[in-house]
Amino acid sequence: LMAQVAQKKGNFMEAVGVYRRLAGIKSPLAAEAQFGIGAALEAAAEAQKQKTYLDEAFRAYKTCAEKFPASKFAGDALSRMADYYYNKEDYSRAIDIYEEAIKMNQDSKFLDNILYGYGRCLVKMKRLDAALEKFRTLMLTYPNSPLAPKAKQIAEAIEKKLTGASASAAP
């Protein structure tokens, strides 16, 4: 609670310190604290425009996913790791992490985020058929997701592009 209050007040490094102390002891809150380190560092990076904090946040999320793979924070940590690579335009690495997150969290509540990010990477890599599949899966499996309308928009644009490409390729 102290870390959350510090973070809300913009005292990100104070929050990180509290989270680190909690993550370092045997506690049922250790996974949440490890994830909190990453979240506080991400918030610090955004507020203070310090990209080095993003690298530290990535490492904190990686530790969370590796040290606490059965926790409810592991999948979200993997998702944020993939977002990190997406933002660095390292789409193949992001896809590797999205695939790992899907394997680990088949029935997770955030799988819609994973599918959406995975689809975006595939679009950037010009693998439109595979991207369309991810967006369709998201829409069918998670129709009430806040990402479903965005996925539908992107899927429709991909379908138009694919249909237009196949029509122009016909003799």
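Return the lysines within reach of K160: Cα separation strictly under 21 angstrom, same-chain partners fewer than 8 residues apart disregarded; answer none if there are no such residues.
Partners within reach: K124, K126, K134, K150, K152.
So how compact is the chain: Cα radius of gyration and Dmax in angstrom?
According to the Cα coordinates of the chain, Rg and Dmax are 18.5, 68 Å.
To the nearest 10 degrees, how steep is helix 148-169 against the longest Cα principal axis of the chain, on a 0 to 90 scale?
Roughly 30 degrees between the two axes.
Cross-link partners among aspartates and glutamates for K8, C-alpha distance below 19 Å, same-chain residues fewer than 8 apart left out?
Within reach: E32, E42, E46.
Using just the C-alpha positions of the stretch 9-103 as equal point scatterers, what log10 of I(q)/I(0) does the Debye formula give at each q in 0.17, 0.20 1/Å?
Rounded to two decimals, the profile gives -0.69, -0.92.
What accessible area per residue, rounded to a whole number of Å², is obtained for the chain using a probe radius of 1.4 Å?
59
Using a 1.4 Å probe over the heavy atoms of the protein chains, calculate the carbon and sulfur portion of the accessible area of the chain as a whole percent.
Ligands and nucleic acids excluded, carbon and sulfur reach 52 percent.
What residue among A65, A47, A82 has the largest mean-square fluctuation in a Gaussian network model of the chain, using Cα springs under 10 Å?
With Cα springs under 10 Å in the chain, the top fluctuation among A65, A47, A82 is at A47.
From the residues S71, G117, A94, which one has its Cα farthest along the dipole of the stretch 70-119 in the positive direction, the dipole being from +1 and -1 charges on Cβ of Lys/Arg and Asp/Glu about the Cα centre?
Going by the Cα projections, it comes out as S71.
Could you give the angle, 0 to 90 degrees to the nearest 10, between helix 128-141's Cα long axis and the longest principal axis of the Cα atoms of the chain?
It works out to around 70 degrees.
Relative to the longest principal axis of the C-alpha atoms of the chain, give the angle of the C-alpha long axis of helix 12-23, reported between 0 and 90° and rounded to the nearest 10°.
Once rounded, the angle reads 80 degrees.
Return the lysines within reach of K9: Cα separation strictly under 30 angstrom, same-chain partners fewer than 8 residues apart disregarded; answer none if there are no such residues.
K26, K49, K51, K62, K67, K72, K88, K109
Which of R127, R93, R59 ends up with the largest GNM mean-square fluctuation for the chain, with Cα atoms connected below 10 Å?
Among R127, R93, R59, the largest GNM mean-square fluctuation belongs to R127.
Could you work out the helix-only [θ] at 222 nm for the chain, with each DSSP H run of four or more residues adding -39,500 (n - 2.57) and the total divided by the number of residues, to the nearest 500 deg cm²/dmol? All intermediate terms of the calculation are to be shown ahead of the outcome.
Details: 9 runs with 133 residues, N = 171.
That calculation yields -25500 deg cm²/dmol at 222 nm.
Given the C-alpha centroids of the stretch 113-147 and the stretch 74-94, what is the distance between them in whole angstrom?
Value for the Cα centre distance between the two parts: 15 Å.
Using a 7 Å offset from Cα along Cα-Cβ at N11, what residues in the stretch 27-70 end up with backbone N under 16 Å from the label point?
In the stretch 27-70, the label zone of N11 (backbone N under 16 Å from the point 7 Å along Cα→Cβ) covers 40-41, 44.
The values are calculated or read from the model by the stated rules, or taken from the named source; none is laboratory data. Because the structure is a prediction, the values reported are computed rather than measured. No Cβ is skipped: glycine too gets one built from the backbone with ideal geometry, and neighbour counts run over all protein chains shown. Quick note on the areas: whole protein, heavy atoms, side chains included, nothing else; ligands and nucleic acids left out. Shrake-Rupley method; radii C 1.70, N 1.55, O 1.52, S 1.80 Å.
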